[in-house]
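What follows is a single structure, written as structure tokens, with notes after it.
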Amino acid sequence: MTNENRFRSGIIAIVGRPNVGKSTLINALVGEKVAIVSSRPQTTRNRLMGIVCGEDYQMVFVDTPGIHKPRTQLGNYMMQAVQEGMEGIDALLVMVDVTAIGPNDREIAESMAKKKLPVLLLLNKIDLVQPQELLRIIDIFKDMGFAAIIPTSAQKGDGLDTLRKELLDRLPFGPKYFPDDMLTDQPERVLCAELIREKALLHLRDEVPHGIGVEILRMEKKSERLMEIHADIYCERDSHKAIIIGKHGAMLARIGKEARIDIESLLGMRVNLQLWIKVRPDWRNSKADLRTLGYDNRE
């Protein structure tokens, strides 16, 4: 049994604009890939948990979609996921990309710093700026009232030990929420769909990636060493379908091959991955399609 008089635990949400590195950070903290990553804004659509265990602590990190002004029902869902991700938490991490500081960063930081719980500011991607520029950026945020300002590079792991220590000093004593071998709250079905979408985001351009959704139709274990997975990739236009398939099917084959490799690593077995493209015009504004893809558009 965990001795709650010595054991610290807590739920920590990570918020910030799109593409500041939240998912890269949560993967680095967990030590495994639990969130997909791409250079595309709004890659994260759902909130998900990454679980970090130590001998006398457990930190449950909540990755949230990037804060933006929504233009679709999917965007509304994502912003609702941000709000829900901040409910019942013990600490909050506000993340900023130091290579792209803008008015929205200051606005988000000022509003989050006022919350009545430990709020830490992470200045991410410090490996991409000069030390003098970093000092100038720290000056922008230093009087906002953050419990700590921590320069980090989630990509390279810089500052993560400092972050863990700062959080551990502020987390309450409490129970262990999850088993030690549990890394995320996401089921395998969702993780597989996200890995397929990640490869589409990696290789597609312009507006096409934003209109991509993935539905796992079937996961069937054929033997102890083989899983068969059937999935639909949603897109919004016939022209997008042609791009996703590519010349002689080359793009779809590339997406499928790379996704299969990652899914095999996730499941620990061989995978037969079958992909189909489905055109669903304006699915990002369709409540039925959003629900089918796991985006429960509550209003």
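Read the figures in this text as sums done on the coordinates, not as results from a lab. Quick caveat, the model's predicted, so the values are computed rather than measured. With ideal geometry, Cβ positions are generated from the backbone for all residues, glycine too; neighbour counts draw on all protein chains shown.
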* Asked: When the Kirkwood radius is taken over all Cα pairs of the chain, what Stokes-Einstein diffusion coefficient follows at 25 °C and 0.890 mPa s, in µm²/s?
  -> 121 µm²/s
* Give, as a single signed number, the net charge of other residues whose beta carbon lies under 10 Å from the beta carbon of Val34, with Lys and Arg counted +1 and Asp and Glu -1. => -3
* Structure fact -> Spelling it out for Tyr57: with amide H atoms placed in the peptide plane at 1.01 Å from N, the residues 5 or more places away or on another chain with amide H under 5 Å from its amide H are Arg8
* **Which of His203, His248 has the fewest Cβ neighbours within 10 Å, and the rest in rising order** => His248, His203
* Angle between the Cα long axis of helix 131-141 and the longest principal axis of the chain, 0 to 90 degrees, nearest 10? -> 80 degrees
* If one takes the longest principal axis of the Cα atoms in the chain, at what angle in degrees, from 0 to 90 and to the nearest 10, does the Cα axis of helix 103-113 lie? -> 60 degrees
* Express as a percent, rounded to the nearest 5, the fraction of DSSP beta bridges in the chain (both residues included) that run antiparallel. => 35 percent
* Straight-distance crosslink candidates among lysines, where the alpha carbon sits under 21 Å from Lys222 and sequence neighbours closer than 8 are dropped -> Lys257
* **Mean separation of Cα contacts under 8 Å (6+ apart) over length of the chain, as relative contact order %** => 18 percent
* Near Leu92, within a Cβ-to-Cβ distance under 14 Å, what is the net charge of the other residues, with Lys and Arg +1 and Asp and Glu -1? -> 0
* Quick one: net charge around Glu107, please, counting Lys, Arg +1 and Asp, Glu -1 for every other residue with C-beta under 13 Å from its C-beta. => +2
* To do: Please sort 26-36, 132-142, 12-22 by packing, taking for each peptide the average over its residues of neighbouring beta carbons within 10 angstrom, highest first.
  => 12-22, 26-36, 132-142
* Straight-distance crosslink candidates among lysines, where the alpha carbon sits under 16 Å from Lys156 and sequence neighbours closer than 8 are dropped -> Lys22, Lys33, Lys125
